[in-house]
Amino acid sequence: MPETEIQELIGTAIGQLAYSYAPYSSFRVGAALLAQNGRVYTGCNIENAAYGPSNCAERTAFFKAVSEGVRQFRAICVVGGPEGRLDAYTPPCGVCRQVMMEFCQPEEFEIILATGIKDYKVYTLKELLPQGFGPGNLSKESEENGPGNIEIC
Ligand SMILES: [Zn+2]
């Protein structure tokens, strides 16, 4: 992925920190998800007084895209930190990695962790979720179609 495209995604993810709703942890997270169609879907973490209903920034972005019929993705950038300070990389939690596994090719989908426009590291989903369980594990047919192309009746 070209550096300018990566930096654009980082900038968008950082912009999402302003929308983070994190009154309990104060840990703000922003995400920018690049779809194969070239569109970018944004997300922030959204906490809840009951804790359980909280949603991560990554899944917010994925669910926005999927709810609009988009199921093929190239990369996601994730940034976050206490009070939105970007002192360290914020890798996706296990639940979010599993959601990525549902819609993305593990060897190709890129996860960009950043603390600034020029300070970032790029991983593949396979690197962050080795031996992941995905749609291909459930049926031969879904494996042939690839993730994200399963017809659900
Ligand atoms: Zn998560």
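The values are calculated or read from the model by the stated rules, or taken from the named source; none is laboratory data. Computed from a predicted model, the values in this text were never measured in an experiment. Ideal geometry is used to build each Cβ from the backbone, glycine not excepted, and the neighbour counts take in all protein chains shown.
Just wondering, is there one or more residues in the range 55-66 that are of a type in the set (A, V, I, L, M, F, W, C) and either under 15 Å from SER26 (Cβ atoms) or modelled with pLDDT under 95 (or both)? Yes, the range 55-66 has at least one match. Give the residue that is nearest to LEU86 (Cα to Cα), with candidates limited to residues of the range 23-32 that are surrounded by 14 or more Cβ atoms within 10 Å (Cβ to Cβ) and more than 13 Å from the ligand (Cβ to nearest atom). Checking each candidate, the answer is ARG28.
Conditions tested, residue by residue: (1) within 16 Å of the ligand (Cβ to nearest atom); (2) at pLDDT 95 or above; (3) hydroxyl-bearing (Ser, Thr, Tyr).
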site	(1), (2), (3)
TYR89	yes, yes, yes
GLN98	yes, yes, no
MET101	yes, yes, no
GLN105	no, yes, no
LYS121	no, yes, no
LEU129	yes, yes, no
GLU141	no, no, no
ILE150	no, no, no
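Here GLY15 meets each of (1) more than 13 Å from the ligand (Cβ to nearest atom); (2) loosely packed, with under 15 Cβ neighbours inside 10 Å; (3) part of a loop (DSSP other than H, G, I, E, B) with one exception, condition (3). Screening the range 39-128 for strands (runs of 3 or more DSSP E) wholly inside it with 3 or more residues that are over 10 Å from the mean Cα position of the chain (by Cα) and surrounded by fewer than 18 Cβ atoms within 10 Å (Cβ to Cβ) returns the ranges 119-124.
If ASN48 satisfies every condition in (1) more than 16 Å from the ligand (Cβ to nearest atom); (2) free of Cβ contacts under 8 Å to residues at least 12 places away in the same chain but one, which is the exception? The failed condition is (1). Selection of the range 1-12 for residues being of a type outside the set (Val, Ile, Thr) and either more than 20 Å from ARG97 (Cβ to Cβ) or part of a loop (DSSP other than H, G, I, E, B) (or both) yields MET1, PRO2, GLU3, GLU5, GLN7, GLU8, GLY11.
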